[in-house]
Amino acid sequence: MDEKQMYIDGQWCASSDNNTHDVLNPATGETMATTPKATLDDVHRCVAASKAAFADRSWSAMDPAERGRVLNRMAQATYANAKALAAIESSNNGKTFREALSEIRYGAWTFEYFAGLTDKIEGSTLPVPGNRLNYTLRQPVGVTAHIIPWNFPLQLALRSIAPALAAGCTVIAKPASWTPLSLIAWLEAMQEAEVGLPENVVQVITGSGGLIGDALAGHPDIGGIVLTGGVPTGQAVMAKASEQLTPVTLELGGKGANVVFPDANLKYCAKAICFGIFMNAGQMCWAGSRLIVHEDIHDELVNAVVEEVGKWKIGPGMSEGVRIGSLVHTDHRADILRMLEEGLKQGGTVVTGGAAVEGEGAFMQPSIVTDVASSNSLFQEELFGPVLTVTKFSEEAEALALANDTPFGLLNGIWTNDLSRAHRLARDVQSGMVSINEFPITFPQTAFTGWKQSGIGIEQSQDALRFYTRVKNVNVKL
(Lines give C-alpha, C1' and ligand atoms only; values in the text may rest on other atoms or scores of the structure.)
Protein backbone atom coordinates (compact mmCIF):
# COMPACT_ATOMS: atom_id res chain seq x y z
CA MET A 1 0.00 0.00 0.00
CA ASP A 2 1.28 3.42 -1.02
CA GLU A 3 1.12 6.42 1.32
CA LYS A 4 0.46 9.35 -0.99
CA GLN A 5 0.77 13.01 -0.04
CA MET A 6 -0.82 16.23 -1.23
CA TYR A 7 1.08 19.20 -2.65
CA ILE A 8 0.69 22.43 -0.67
CA ASP A 9 2.93 25.47 -0.34
CA GLY A 10 5.86 24.06 -2.24
CA GLN A 11 6.02 20.60 -0.67
CA TRP A 12 4.46 17.16 -0.70
CA CYS A 13 2.96 16.79 2.74
CA ALA A 14 0.54 15.04 5.08
CA SER A 15 -2.46 16.79 6.58
CA SER A 16 -1.86 18.99 9.61
CA ASP A 17 -3.41 16.32 11.88
CA ASN A 18 -1.94 13.33 9.98
CA ASN A 19 -5.36 11.79 9.29
CA THR A 20 -5.65 9.73 6.11
CA HIS A 21 -8.26 8.27 3.78
CA ASP A 22 -8.11 4.77 2.25
CA VAL A 23 -8.24 4.67 -1.56
CA LEU A 24 -9.70 1.45 -3.00
CA ASN A 25 -9.44 -0.54 -6.21
CA PRO A 26 -13.18 -0.99 -6.90
CA ALA A 27 -12.61 -4.10 -9.02
CA THR A 28 -11.15 -5.98 -6.05
CA GLY A 29 -12.13 -3.96 -2.98
CA GLU A 30 -8.49 -3.83 -1.93
CA THR A 31 -6.89 -0.70 -0.51
CA MET A 32 -4.43 0.74 -3.03
CA ALA A 33 -3.13 3.73 -1.11
CA THR A 34 -3.85 6.29 1.55
CA THR A 35 -4.13 10.03 0.98
CA PRO A 36 -4.22 12.90 3.47
CA LYS A 37 -7.52 14.18 4.85
CA ALA A 38 -6.84 17.88 4.77
CA THR A 39 -8.02 20.17 7.55
CA LEU A 40 -9.29 23.74 7.40
CA ASP A 41 -5.81 24.88 8.43
CA ASP A 42 -4.47 23.08 5.34
CA VAL A 43 -7.03 24.87 3.16
CA HIS A 44 -6.01 28.29 4.50
CA ARG A 45 -2.32 27.46 3.99
CA CYS A 46 -3.01 26.28 0.45
CA VAL A 47 -5.04 29.37 -0.50
CA ALA A 48 -2.43 31.68 1.01
CA ALA A 49 0.31 30.01 -1.03
CA SER A 50 -1.76 30.24 -4.20
CA LYS A 51 -2.56 33.90 -3.56
CA ALA A 52 1.13 34.66 -3.03
CA ALA A 53 2.06 32.81 -6.23
CA PHE A 54 -0.43 34.93 -8.15
CA ALA A 55 0.67 38.16 -6.49
CA ASP A 56 4.36 37.70 -7.31
CA ARG A 57 3.41 37.90 -11.02
CA SER A 58 6.00 35.38 -12.17
CA TRP A 59 3.11 33.48 -13.75
CA SER A 60 0.30 35.99 -14.22
CA ALA A 61 2.60 38.57 -15.85
CA MET A 62 4.76 36.07 -17.77
CA ASP A 63 5.01 36.77 -21.48
CA PRO A 64 1.84 35.08 -22.79
CA ALA A 65 3.72 33.25 -25.52
CA GLU A 66 6.12 31.82 -22.95
CA ARG A 67 3.19 30.77 -20.80
CA GLY A 68 1.89 28.94 -23.85
CA ARG A 69 5.22 27.14 -24.20
CA VAL A 70 4.92 25.95 -20.60
CA LEU A 71 1.46 24.57 -21.34
CA ASN A 72 2.82 22.83 -24.43
CA ARG A 73 5.53 21.21 -22.34
CA MET A 74 2.82 20.10 -19.90
CA ALA A 75 0.90 18.60 -22.80
CA GLN A 76 3.94 16.69 -24.00
CA ALA A 77 4.73 15.43 -20.50
CA THR A 78 1.13 14.26 -20.18
CA TYR A 79 1.36 12.38 -23.48
CA ALA A 80 4.67 10.84 -22.41
CA ASN A 81 3.21 9.57 -19.13
CA ALA A 82 -0.25 8.70 -20.47
CA LYS A 83 0.06 4.91 -20.22
CA ALA A 84 1.36 4.98 -16.67
CA LEU A 85 -1.33 7.47 -15.64
CA ALA A 86 -4.01 5.39 -17.38
CA ALA A 87 -2.96 2.28 -15.44
CA ILE A 88 -3.32 4.22 -12.18
CA GLU A 89 -6.70 5.62 -13.20
CA SER A 90 -8.02 2.25 -14.37
CA SER A 91 -7.07 0.63 -11.09
CA ASN A 92 -8.41 3.47 -8.94
CA ASN A 93 -11.63 4.27 -10.84
CA GLY A 94 -12.51 0.85 -12.28
CA LYS A 95 -12.79 1.95 -15.91
CA THR A 96 -11.01 0.12 -18.69
CA PHE A 97 -7.40 0.93 -19.47
CA ARG A 98 -8.38 1.79 -23.05
CA GLU A 99 -10.92 4.38 -21.89
CA ALA A 100 -8.51 5.86 -19.34
CA LEU A 101 -5.73 6.16 -21.92
CA SER A 102 -8.02 7.88 -24.41
CA GLU A 103 -9.25 10.34 -21.79
CA ILE A 104 -5.76 11.27 -20.58
CA ARG A 105 -4.60 11.85 -24.14
CA TYR A 106 -7.65 14.06 -24.57
CA GLY A 107 -6.48 16.01 -21.51
CA ALA A 108 -3.08 16.49 -23.14
CA TRP A 109 -4.82 17.69 -26.32
CA THR A 110 -6.76 20.18 -24.20
CA PHE A 111 -3.46 21.60 -22.93
CA GLU A 112 -2.22 21.91 -26.52
CA TYR A 113 -5.38 23.79 -27.49
CA PHE A 114 -5.19 26.32 -24.67
CA ALA A 115 -1.43 26.69 -25.12
CA GLY A 116 -2.26 28.25 -28.47
CA LEU A 117 -4.62 30.78 -26.88
CA THR A 118 -2.39 32.28 -24.19
CA ASP A 119 -1.30 35.18 -26.44
CA LYS A 120 -4.77 35.69 -27.90
CA ILE A 121 -6.56 36.96 -24.79
CA GLU A 122 -7.51 40.35 -26.17
CA GLY A 123 -9.31 43.48 -25.09
CA SER A 124 -10.92 46.01 -27.40
CA THR A 125 -10.83 49.70 -28.29
CA LEU A 126 -14.19 51.44 -27.95
CA PRO A 127 -15.45 54.56 -29.74
CA VAL A 128 -16.68 57.09 -27.14
CA PRO A 129 -17.65 60.78 -27.36
CA GLY A 130 -15.04 63.51 -27.17
CA ASN A 131 -11.27 63.55 -27.22
CA ARG A 132 -10.81 60.27 -25.38
CA LEU A 133 -9.21 56.85 -25.72
CA ASN A 134 -11.30 54.04 -24.24
CA TYR A 135 -10.23 50.40 -24.14
CA THR A 136 -10.72 47.16 -22.22
CA LEU A 137 -8.25 44.74 -20.68
CA ARG A 138 -8.85 41.08 -19.85
CA GLN A 139 -6.97 40.14 -16.70
CA PRO A 140 -6.80 36.83 -14.77
CA VAL A 141 -9.24 36.37 -11.89
CA GLY A 142 -6.50 35.14 -9.53
CA VAL A 143 -6.75 31.98 -7.41
CA THR A 144 -9.07 29.35 -8.86
CA ALA A 145 -10.49 26.29 -7.08
CA HIS A 146 -11.22 23.15 -9.10
CA ILE A 147 -13.49 20.55 -7.46
CA ILE A 148 -13.06 17.41 -9.53
CA PRO A 149 -15.40 14.39 -9.82
CA TRP A 150 -14.55 10.71 -9.60
CA ASN A 151 -15.91 9.56 -12.97
CA PHE A 152 -13.18 11.12 -15.18
CA PRO A 153 -10.63 11.95 -12.47
CA LEU A 154 -7.75 13.26 -14.57
CA GLN A 155 -9.36 14.31 -17.84
CA LEU A 156 -11.89 16.59 -16.15
CA ALA A 157 -9.17 18.02 -13.92
CA LEU A 158 -7.06 18.92 -16.95
CA ARG A 159 -10.12 20.29 -18.76
CA SER A 160 -10.37 23.19 -16.31
CA ILE A 161 -6.74 23.47 -15.19
CA ALA A 162 -5.56 24.17 -18.76
CA PRO A 163 -7.66 27.32 -19.42
CA ALA A 164 -7.04 28.60 -15.89
CA LEU A 165 -3.29 28.41 -16.43
CA ALA A 166 -3.57 29.83 -19.95
CA ALA A 167 -5.28 32.91 -18.50
CA GLY A 168 -2.51 33.39 -15.92
CA CYS A 169 -4.45 32.16 -12.87
CA THR A 170 -3.17 29.94 -10.10
CA VAL A 171 -4.85 26.60 -9.43
CA ILE A 172 -5.95 24.63 -6.38
CA ALA A 173 -7.21 21.21 -7.48
CA LYS A 174 -9.31 19.11 -5.13
CA PRO A 175 -9.80 15.54 -6.49
CA ALA A 176 -12.63 13.28 -5.35
CA SER A 177 -11.83 11.25 -2.24
CA TRP A 178 -12.50 7.98 -4.08
CA THR A 179 -10.17 8.76 -7.02
CA PRO A 180 -7.27 11.11 -6.18
CA LEU A 181 -4.35 9.02 -7.41
CA SER A 182 -4.06 9.92 -11.11
CA LEU A 183 -4.07 13.68 -10.43
CA ILE A 184 -1.37 13.30 -7.77
CA ALA A 185 0.70 11.20 -10.19
CA TRP A 186 0.17 13.76 -12.96
CA LEU A 187 1.50 16.64 -10.86
CA GLU A 188 4.48 14.49 -9.87
CA ALA A 189 5.12 13.86 -13.58
CA MET A 190 4.93 17.60 -14.36
CA GLN A 191 7.50 18.32 -11.66
CA GLU A 192 9.81 15.56 -12.87
CA ALA A 193 9.57 16.89 -16.43
CA GLU A 194 10.53 20.40 -15.22
CA VAL A 195 7.92 22.02 -17.46
CA GLY A 196 8.57 25.50 -16.08
CA LEU A 197 5.67 26.11 -13.70
CA PRO A 198 6.60 28.51 -10.90
CA GLU A 199 6.15 27.16 -7.38
CA ASN A 200 2.59 26.92 -6.08
CA VAL A 201 0.95 27.85 -9.37
CA VAL A 202 -0.67 24.38 -9.21
CA GLN A 203 -1.43 22.73 -5.88
CA VAL A 204 -3.37 19.54 -5.08
CA ILE A 205 -5.29 19.19 -1.81
CA THR A 206 -7.03 15.95 -0.81
CA GLY A 207 -9.72 15.13 1.70
CA SER A 208 -13.42 15.38 2.42
CA GLY A 209 -15.43 16.87 -0.41
CA GLY A 210 -17.88 18.47 1.99
CA LEU A 211 -15.27 20.02 4.26
CA ILE A 212 -12.62 21.05 1.72
CA GLY A 213 -15.00 21.94 -1.13
CA ASP A 214 -17.14 24.04 1.20
CA ALA A 215 -14.10 25.85 2.59
CA LEU A 216 -12.74 26.63 -0.86
CA ALA A 217 -16.11 27.76 -2.20
CA GLY A 218 -16.60 30.20 0.65
CA HIS A 219 -13.04 31.50 0.89
CA PRO A 220 -12.68 35.26 0.29
CA ASP A 221 -9.39 34.85 -1.60
CA ILE A 222 -10.77 32.50 -4.27
CA GLY A 223 -11.45 34.30 -7.56
CA GLY A 224 -13.33 31.54 -9.36
CA ILE A 225 -14.72 28.08 -8.62
CA VAL A 226 -15.16 25.23 -11.09
CA LEU A 227 -17.14 22.15 -10.09
CA THR A 228 -18.14 19.03 -11.96
CA GLY A 229 -20.56 16.95 -9.93
CA GLY A 230 -24.16 16.26 -9.02
CA VAL A 231 -26.92 18.85 -8.75
CA PRO A 232 -27.09 18.87 -4.91
CA THR A 233 -23.33 19.41 -4.71
CA GLY A 234 -23.53 22.18 -7.28
CA GLN A 235 -26.31 23.90 -5.37
CA ALA A 236 -24.30 23.71 -2.14
CA VAL A 237 -21.16 25.12 -3.77
CA MET A 238 -23.12 27.89 -5.47
CA ALA A 239 -24.79 28.85 -2.19
CA LYS A 240 -21.44 28.99 -0.41
CA ALA A 241 -19.83 30.95 -3.26
CA SER A 242 -22.65 33.48 -3.11
CA GLU A 243 -21.42 34.59 0.31
CA GLN A 244 -18.35 36.09 -1.39
CA LEU A 245 -20.05 36.69 -4.78
CA THR A 246 -17.44 34.35 -6.27
CA PRO A 247 -18.10 33.37 -9.91
CA VAL A 248 -18.80 29.69 -10.53
CA THR A 249 -18.79 27.27 -13.44
CA LEU A 250 -20.95 24.25 -12.64
CA GLU A 251 -21.05 21.20 -14.89
CA LEU A 252 -23.71 19.04 -13.31
CA GLY A 253 -25.99 16.13 -14.15
CA GLY A 254 -27.59 14.93 -17.34
CA LYS A 255 -30.32 12.69 -18.70
CA GLY A 256 -29.38 12.65 -22.36
CA ALA A 257 -31.64 11.18 -25.03
CA ASN A 258 -30.89 9.57 -28.36
CA VAL A 259 -33.90 10.30 -30.56
CA VAL A 260 -34.01 7.79 -33.43
CA PHE A 261 -36.15 8.07 -36.56
CA PRO A 262 -36.90 5.25 -39.03
CA ASP A 263 -34.50 6.57 -41.69
CA ALA A 264 -31.45 6.34 -39.36
CA ASN A 265 -28.56 3.93 -39.90
CA LEU A 266 -29.65 1.49 -37.20
CA LYS A 267 -26.53 -0.68 -37.16
CA TYR A 268 -24.24 2.29 -36.58
CA CYS A 269 -26.80 3.84 -34.23
CA ALA A 270 -26.92 0.71 -32.03
CA LYS A 271 -23.14 0.78 -31.54
CA ALA A 272 -23.20 4.48 -30.65
CA ILE A 273 -26.07 4.01 -28.20
CA CYS A 274 -24.06 1.32 -26.39
CA PHE A 275 -20.98 3.50 -26.36
CA GLY A 276 -23.00 6.44 -25.04
CA ILE A 277 -24.47 4.61 -22.05
CA PHE A 278 -22.17 1.67 -21.25
CA MET A 279 -18.78 3.37 -21.68
CA ASN A 280 -17.28 4.06 -18.24
CA ALA A 281 -20.03 1.77 -16.90
CA GLY A 282 -22.53 4.55 -17.53
CA GLN A 283 -20.91 6.89 -15.01
CA MET A 284 -21.08 9.96 -17.24
CA CYS A 285 -23.00 13.21 -17.00
CA TRP A 286 -23.39 13.25 -20.78
CA ALA A 287 -24.49 9.62 -21.05
CA GLY A 288 -27.29 8.82 -23.46
CA SER A 289 -29.36 7.13 -20.78
CA ARG A 290 -32.67 7.51 -22.64
CA LEU A 291 -33.47 5.94 -26.01
CA ILE A 292 -36.49 7.60 -27.64
CA VAL A 293 -37.24 5.53 -30.71
CA HIS A 294 -39.92 5.58 -33.41
CA GLU A 295 -42.46 2.80 -32.95
CA ASP A 296 -41.83 1.39 -36.45
CA ILE A 297 -38.21 0.47 -35.62
CA HIS A 298 -38.47 -0.06 -31.87
CA ASP A 299 -38.06 -3.84 -31.82
CA GLU A 300 -35.33 -3.88 -34.46
CA LEU A 301 -33.22 -1.26 -32.71
CA VAL A 302 -33.67 -2.69 -29.22
CA ASN A 303 -32.63 -6.12 -30.48
CA ALA A 304 -29.57 -4.59 -32.17
CA VAL A 305 -28.55 -2.78 -28.95
CA VAL A 306 -29.01 -5.94 -26.86
CA GLU A 307 -26.97 -7.93 -29.38
CA GLU A 308 -24.19 -5.33 -29.44
CA VAL A 309 -23.79 -4.98 -25.68
CA GLY A 310 -23.86 -8.74 -25.37
CA LYS A 311 -20.44 -8.69 -27.04
CA TRP A 312 -19.00 -6.36 -24.40
CA LYS A 313 -16.87 -8.23 -21.88
CA ILE A 314 -17.20 -7.21 -18.22
CA GLY A 315 -14.21 -7.37 -15.89
CA PRO A 316 -11.29 -5.54 -14.26
CA GLY A 317 -10.30 -2.52 -16.31
CA MET A 318 -6.70 -3.67 -16.79
CA SER A 319 -7.73 -7.09 -18.21
CA GLU A 320 -7.42 -7.80 -21.92
CA GLY A 321 -10.57 -7.34 -24.02
CA VAL A 322 -12.72 -5.81 -21.28
CA ARG A 323 -15.23 -3.21 -22.48
CA ILE A 324 -17.13 -2.56 -19.23
CA GLY A 325 -15.12 -2.11 -16.06
CA SER A 326 -16.14 -1.82 -12.45
CA LEU A 327 -18.32 0.88 -11.03
CA VAL A 328 -16.39 3.24 -8.78
CA HIS A 329 -17.64 1.80 -5.48
CA THR A 330 -20.01 -0.82 -4.13
CA ASP A 331 -21.95 1.95 -2.37
CA HIS A 332 -22.56 3.63 -5.72
CA ARG A 333 -23.69 0.33 -7.25
CA ALA A 334 -26.15 -0.13 -4.39
CA ASP A 335 -27.61 3.34 -5.10
CA ILE A 336 -28.08 2.50 -8.80
CA LEU A 337 -29.75 -0.83 -8.07
CA ARG A 338 -32.05 0.81 -5.53
CA MET A 339 -33.11 3.49 -8.03
CA LEU A 340 -33.61 0.83 -10.70
CA GLU A 341 -35.82 -1.23 -8.40
CA GLU A 342 -37.90 1.82 -7.47
CA GLY A 343 -38.34 2.76 -11.12
CA LEU A 344 -39.42 -0.74 -12.14
CA LYS A 345 -42.24 -0.54 -9.60
CA GLN A 346 -43.59 2.31 -11.77
CA GLY A 347 -43.43 0.22 -14.95
CA GLY A 348 -40.97 -1.02 -17.54
CA THR A 349 -39.60 -4.34 -18.75
CA VAL A 350 -35.98 -5.43 -18.23
CA VAL A 351 -34.83 -7.03 -21.49
CA THR A 352 -31.23 -7.55 -20.40
CA GLY A 353 -29.21 -7.06 -17.21
CA GLY A 354 -30.80 -5.47 -14.20
CA ALA A 355 -28.53 -6.86 -11.49
CA ALA A 356 -25.10 -6.78 -9.92
CA VAL A 357 -22.41 -9.13 -11.20
CA GLU A 358 -21.76 -11.71 -8.51
CA GLY A 359 -18.30 -11.91 -6.97
CA GLU A 360 -15.75 -9.39 -5.75
CA GLY A 361 -15.72 -5.82 -6.92
CA ALA A 362 -18.42 -3.31 -7.85
CA PHE A 363 -19.44 -4.73 -11.23
CA MET A 364 -22.95 -4.39 -12.67
CA GLN A 365 -24.65 -5.89 -15.69
CA PRO A 366 -25.42 -3.47 -18.54
CA SER A 367 -29.18 -3.03 -18.29
CA ILE A 368 -31.90 -2.10 -20.78
CA VAL A 369 -35.48 -1.33 -19.73
CA THR A 370 -38.23 -0.93 -22.34
CA ASP A 371 -41.76 0.53 -22.07
CA VAL A 372 -40.62 3.36 -19.78
CA ALA A 373 -43.13 6.20 -19.47
CA SER A 374 -41.93 9.78 -19.20
CA SER A 375 -43.40 10.00 -15.70
CA ASN A 376 -41.20 7.13 -14.50
CA SER A 377 -38.28 8.06 -12.25
CA LEU A 378 -36.03 6.01 -14.56
CA PHE A 379 -36.86 8.52 -17.32
CA GLN A 380 -36.52 11.61 -15.14
CA GLU A 381 -33.67 10.94 -12.70
CA GLU A 382 -29.96 10.45 -13.32
CA LEU A 383 -28.93 6.96 -12.18
CA PHE A 384 -25.27 7.50 -13.19
CA GLY A 385 -24.80 3.87 -14.13
CA PRO A 386 -25.20 1.36 -16.98
CA VAL A 387 -28.98 1.60 -17.33
CA LEU A 388 -30.69 2.49 -20.63
CA THR A 389 -34.41 3.27 -20.75
CA VAL A 390 -36.42 2.91 -23.96
CA THR A 391 -39.52 4.93 -24.84
CA LYS A 392 -41.54 4.82 -28.09
CA PHE A 393 -42.86 7.76 -30.10
CA SER A 394 -44.96 8.06 -33.24
CA GLU A 395 -44.67 11.72 -34.33
CA GLU A 396 -41.78 14.21 -34.44
CA ALA A 397 -43.52 16.62 -32.06
CA GLU A 398 -43.93 13.81 -29.54
CA ALA A 399 -40.25 12.92 -29.83
CA LEU A 400 -39.23 16.52 -29.16
CA ALA A 401 -41.54 16.77 -26.16
CA LEU A 402 -40.11 13.56 -24.70
CA ALA A 403 -36.52 14.70 -25.25
CA ASN A 404 -37.22 17.94 -23.40
CA ASP A 405 -39.27 16.36 -20.61
CA THR A 406 -36.54 16.20 -17.95
CA PRO A 407 -35.00 18.76 -15.58
CA PHE A 408 -31.65 18.30 -17.37
CA GLY A 409 -30.26 19.60 -20.65
CA LEU A 410 -26.67 18.57 -21.35
CA LEU A 411 -26.24 16.44 -24.51
CA ASN A 412 -28.92 14.99 -26.77
CA GLY A 413 -28.50 12.94 -29.94
CA ILE A 414 -30.65 13.01 -33.08
CA TRP A 415 -30.58 10.17 -35.59
CA THR A 416 -32.05 10.87 -39.02
CA ASN A 417 -30.97 11.34 -42.63
CA ASP A 418 -33.53 14.12 -43.10
CA LEU A 419 -31.38 17.24 -42.68
CA SER A 420 -34.34 19.57 -42.34
CA ARG A 421 -35.66 17.48 -39.47
CA ALA A 422 -32.19 17.23 -37.91
CA HIS A 423 -31.60 20.98 -37.89
CA ARG A 424 -35.16 21.69 -36.76
CA LEU A 425 -34.79 19.41 -33.75
CA ALA A 426 -31.28 20.68 -33.00
CA ARG A 427 -32.77 24.17 -32.80
CA ASP A 428 -35.67 23.18 -30.54
CA VAL A 429 -34.19 20.59 -28.20
CA GLN A 430 -33.47 22.09 -24.78
CA SER A 431 -29.84 21.18 -24.18
CA GLY A 432 -26.48 22.88 -24.34
CA MET A 433 -25.13 20.34 -26.82
CA VAL A 434 -26.69 18.38 -29.68
CA SER A 435 -25.03 15.66 -31.75
CA ILE A 436 -26.52 14.50 -35.04
CA ASN A 437 -25.85 10.94 -36.25
CA GLU A 438 -23.07 10.23 -33.71
CA PHE A 439 -22.95 10.06 -29.94
CA PRO A 440 -21.27 11.14 -27.73
CA ILE A 441 -18.71 13.53 -29.18
CA THR A 442 -16.82 16.65 -28.06
CA PHE A 443 -13.52 18.46 -28.75
CA PRO A 444 -11.31 20.86 -26.75
CA GLN A 445 -12.32 23.70 -29.09
CA THR A 446 -16.09 23.12 -28.73
CA ALA A 447 -18.24 24.31 -25.84
CA PHE A 448 -19.18 21.72 -23.23
CA THR A 449 -22.19 23.31 -21.60
CA GLY A 450 -25.52 22.41 -20.04
CA TRP A 451 -28.92 24.03 -19.78
CA LYS A 452 -31.47 23.78 -16.97
CA GLN A 453 -30.14 21.73 -14.04
CA SER A 454 -27.19 20.51 -16.09
CA GLY A 455 -25.18 23.51 -15.05
CA ILE A 456 -24.00 27.08 -15.38
CA GLY A 457 -21.15 28.23 -17.58
CA ILE A 458 -18.97 26.61 -20.21
CA GLU A 459 -16.07 24.17 -20.18
CA GLN A 460 -13.71 23.86 -23.16
CA SER A 461 -13.52 26.35 -26.07
CA GLN A 462 -12.58 30.01 -25.97
CA ASP A 463 -15.71 30.65 -23.93
CA ALA A 464 -14.20 28.66 -21.06
CA LEU A 465 -11.11 30.84 -21.16
CA ARG A 466 -13.24 33.94 -20.63
CA PHE A 467 -14.38 32.63 -17.23
CA TYR A 468 -10.81 32.86 -15.96
CA THR A 469 -10.46 36.53 -16.92
CA ARG A 470 -12.31 39.64 -15.90
CA VAL A 471 -12.86 42.78 -17.93
CA LYS A 472 -11.39 46.14 -16.95
CA ASN A 473 -12.43 49.31 -18.79
CA VAL A 474 -9.88 52.12 -19.09
CA ASN A 475 -10.84 55.67 -20.12
CA VAL A 476 -8.18 58.25 -21.04
CA LYS A 477 -8.94 61.96 -21.47
CA LEU A 478 -6.58 63.12 -24.21
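The values are calculated or read from the model by the stated rules, or taken from the named source; none is laboratory data. Being a predicted model, the structure only gives us computed values, none of them experimental. Here the Cβ is made from the backbone with ideal geometry for all residues, glycine too, and neighbour counts use every protein chain on show.
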Flag if Lys240 is surrounded by 18 or more Cβ atoms within 10 Å (Cβ to Cβ), part of a helix (DSSP H, G or I) and among the charged types (D, E, K, R):
yes
Which members of the range 447-475 meet the condition of being aliphatic (A, V, I, L, M) and either touching a Gly at 6+ places or on another chain (Cβ under 9 Å) or in the same structural domain as Gly409 (by TED's automatic domain parsing) (or both)?
Ala447, Ile456, Ile458, Ala464, Val471, Val474
Every residue in the range 361-413 that is closer than 23 Å to Lys271 by Cβ, hydroxyl-bearing (Ser, Thr, Tyr) and free of Cβ contacts under 8 Å to residues at least 60 places away in the same chain, please.
Ser367
Which residues, taken from the range 154-199, are surrounded by fewer than 24 Cβ atoms within 10 Å (Cβ to Cβ), of a type in the set (Gly, Ala, Ser) and touching a residue at least 60 places away in the same chain (Cβ under 8 Å)?
Ser177, Ala185, Ala189, Ala193, Gly196
Residue list for the range 364-420, filter: farther than 24 Å from Ile324 by Cβ and of a type in the set (Phe, Trp, Tyr):
Phe393
Unmet criterion (only one of (1) surrounded by fewer than 17 Cβ atoms within 10 Å (Cβ to Cβ); (2) touching a residue at least 60 places away in the same chain (Cβ under 8 Å); (3) closer than 21 Å to Cys269 by Cα) for Gln445
(3)
Out of the residues in the range 455-470 that are surrounded by fewer than 17 Cβ atoms within 10 Å (Cβ to Cβ) and within 20 Å of Thr170 (Cβ to Cβ), which is farthest from the chain's Cα centre (by Cα)?
Arg470
Criterion first (modelled with pLDDT of 95 or more and either in the same structural domain as Pro149 (by TED's automatic domain parsing) or within 21 Å of Gly310 (Cα to Cα) (or both)) does Arg333 satisfy it?
yes
Regarding the range 257-268, can at least one residue be identified that is assigned to a helix (DSSP H, G or I) and either in contact (Cβ under 8 Å) with a residue 60 or more places away in the chain or surrounded by fewer than 18 Cβ atoms within 10 Å (Cβ to Cβ) (or both)?
yes
Is at least one residue of the range 309-325 closer than 25 Å to Ala399 by Cα and in the same structural domain as Ser375 (by TED's automatic domain parsing)?
yes
Considering residues of the range 203-229 that are without any contact (Cβ under 8 Å) to a residue 40 or more places away in the chain and of a type in the set (Gly, Ala, Ser) only, the residue nearest to Asp335 (Cα to Cα):
Gly210
Exclusive hit being at positive phi and at pLDDT 95 or above, set Glu194, Glu199:
Glu194
When residues of the range 348-373 are limited to those that are surrounded by 15 or more Cβ atoms within 10 Å (Cβ to Cβ) and among the small types (Gly, Ala, Ser), the one farthest from Gly256 (Cα to Cα):
Gly361
Taking the range 116-153 and keeping residues part of a loop (DSSP other than H, G, I, E, B) and surrounded by fewer than 19 Cβ atoms within 10 Å (Cβ to Cβ) leaves Gly116, Glu122, Gly123, Ser124, Pro127, Val128, Pro129, Gly130, Asn131
Count of the range 298-317 residues which are touching a residue at least 40 places away in the same chain (Cβ under 8 Å), out of contact with any Gly (no Cβ under 9 Å at 6 or more places or on another chain) and not in a helix (DSSP H, G or I)
2
Looking at the range 166-215 only, could you name the residues that are farther than 23 Å from Ala33 by Cβ and within 21 Å of the chain's Cα centre (by Cα)?
Ala166, Ala167, Cys169, Thr170, Asp214
Filter the range 1-35 down to residues that are within 25 Å of the chain's Cα centre (by Cα) and within 18 Å of Asn200 (Cα to Cα) and give me whichever is surrounded by the fewest Cβ atoms within 10 Å (Cβ to Cβ).
Gln5
